[in-house]
Amino acid sequence: MKKVVLSMLTTAVLVSGLSADATKGGDNLIKKAKDAGLVAIPSEKKEVEKLVDNPKNKLNRAKIDLGLMLYFEPRLSKSGLISCNTCHNLATGGVDGVPAAIGHKWTANPHHLNSPTVYNAVFMKKQFWDGRAADLEEQAQGPLQAAPEMAISKEMAVERIASMPEYKELFKKAFGDDKITFERIADAIAAFERTLVTPSPFDAYLNGDEKALTWSEKEGLKTFIDKGCVSCHNGVGLGGTMQPFPAVKPYKYANVGDFKGDKNGMVKTPTLRNILRTAPYFHNGAVWDIKEAVKIMGETQLGVELSEKEVNAIVKFFGALNGHLPVIVYPTLPASTLKTPKPDAN
């Protein structure tokens, strides 16, 4: 197997490091943003690593490298055709770019749910649109087993991976022994996903570089705060908490799919990081135009009708949330053996 060379966290932090030497303190808008609950990705590598780590699934280089391979591993699907990257494509903003996720046997998600981006998913307080998973480790187990997604059983997933000696060696390096379990497969994938953070000009600005944003982006940020968007889109992830949806007025595309949120009608607030790269929008992928999405959110969640000028300003600010994507080298995966269970497209 070719050696996998990744920069990931190191590259992302170094790229954002331009803010590290900037004058601290910032202007009044920086203070206003922080007071409103907006939080930057730290500029220091050690601080980022601390922020994304999970004490129950401690990160190490071997586990992250293994997770990268498993993330791109199509044999973790029943058909042998679908990997995590199919719906969360790292080359296209961490999404698949279609309204409803498509999985096993070309099946569209039965609830017409859109694939959320995997970039910065580590900052989400809950995973899945209904928030049913507490973290990435728990979330990674779901799509593998879901019939409309990867459709593989726990037993088959383990049998496939364990049939390749090279994977046993990699699990030993990552976990201390070569025992392969379904939970460890998910934990390795989650470890890799925890490194997929994308520091942006917005983070450089909050970290003290007042020149990181243009005048129009600052105006957009001010509008974003003043109009109340920060009530849901806050924290490091600019989203990730469970909120009522719709909150004030009906969502005009509610008839697309049958998703109603969790038992209390709560829906996970999506991250706004890289939002301009992740169309279509909303849980059901019903909107392609970011300006329409912003206008709908004003009406549906805030009960206000945003002017064209306000919408344009907010969208301009979204440009500052386009982050520096980590460099990913597509891995060379182990060869199947005679013991590897055959693909099943049925």
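Any read-out appearing in this document is the output of simple, stated calculations on the displayed coordinates, not a laboratory observation. No experiment lies behind these values; they were computed from the predicted model shown. Positions of Cβ are backbone-derived with ideal geometry, glycine not excepted, and every protein chain shown enters the neighbour counts.
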Note down, for the stretch 176-325, the three equivalent ellipsoid semi-axes (square root of 5 times each alpha carbon gyration tensor eigenvalue), biggest first, whole angstrom.
29, 24, 12
What the Cα atoms of the stretch 242-336 span along the principal axes, largest first and in whole Å, is 54, 35, 20
Can you run the Rg to Rh ratio on the stretch 54-193? Use alpha carbon positions and the Kirkwood inverse-distance Rh.
0.95
Sticking with the crude label model, points 7 Å out along Cα→Cβ, report the distance from residue 241 to residue 255 in nm, one decimal please.
3.4 nm
What is the stretch 95-148 by shape, rounded, prolate or oblate, if you read a ≥ b ≥ c off the alpha carbon gyration tensor as root eigenvalues and call it rounded for a/c under 1.5, prolate for a/b larger than b/c, and oblate otherwise?
prolate
If you take the beta carbon distance between residue 28 and residue 92 as r and set R0 to 35 Å, what does 1/(1 + (r/R0)^6) give as a FRET efficiency, to the nearest 0.05?
0.40
Given R₀ = 56 Å, what would the calculated FRET efficiency be for residue 181 paired with residue 305, taking r from the Cβ atoms and rounding to 0.05?
0.60
Going by a ≥ b ≥ c, the root eigenvalues of the Cα gyration tensor, does the stretch 38-118 fall in the rounded group (a/c under 1.5), the prolate group (a/b larger than b/c) or the oblate group?
oblate
Which translational diffusion coefficient, to the nearest whole µm²/s, is obtained for the stretch 113-222 from the Stokes-Einstein equation, given a Kirkwood hydrodynamic radius over C-alpha pairs, 20 °C and 1.002 mPa s?
129 µm²/s
The Rg/Rh figure for the chain, Cα atoms and Kirkwood Rh, to two decimals is 0.98
Using Cα pairs closer than 8 Å and at least 6 residues apart in sequence, work out the relative contact order for the chain, in percent.
28 percent
With each label point set 7 Å from Cα along the Cα-Cβ vector, what nm distance links residue 231 and residue 291?
2.6 nm
Springs between alpha-carbon atoms under 10 Å, Gaussian network over the chain: tell me which of 206, 38, 333 tops the mean-square fluctuations.
333
For a Förster distance of 30 Å, can you work out the FRET efficiency between the beta-carbons of residue 210 and residue 53, rounded to the nearest 0.05?
0.45
The answer for residue 38, listing residues at least 5 apart or on another chain whose modeled amide H is closer than 5 Å to its amide H, is 235
Any chance you could give the angle, 0 to 90 degrees and rounded to 10, that helix 61-71 forms with the longest Cα principal axis of the chain?
90 degrees
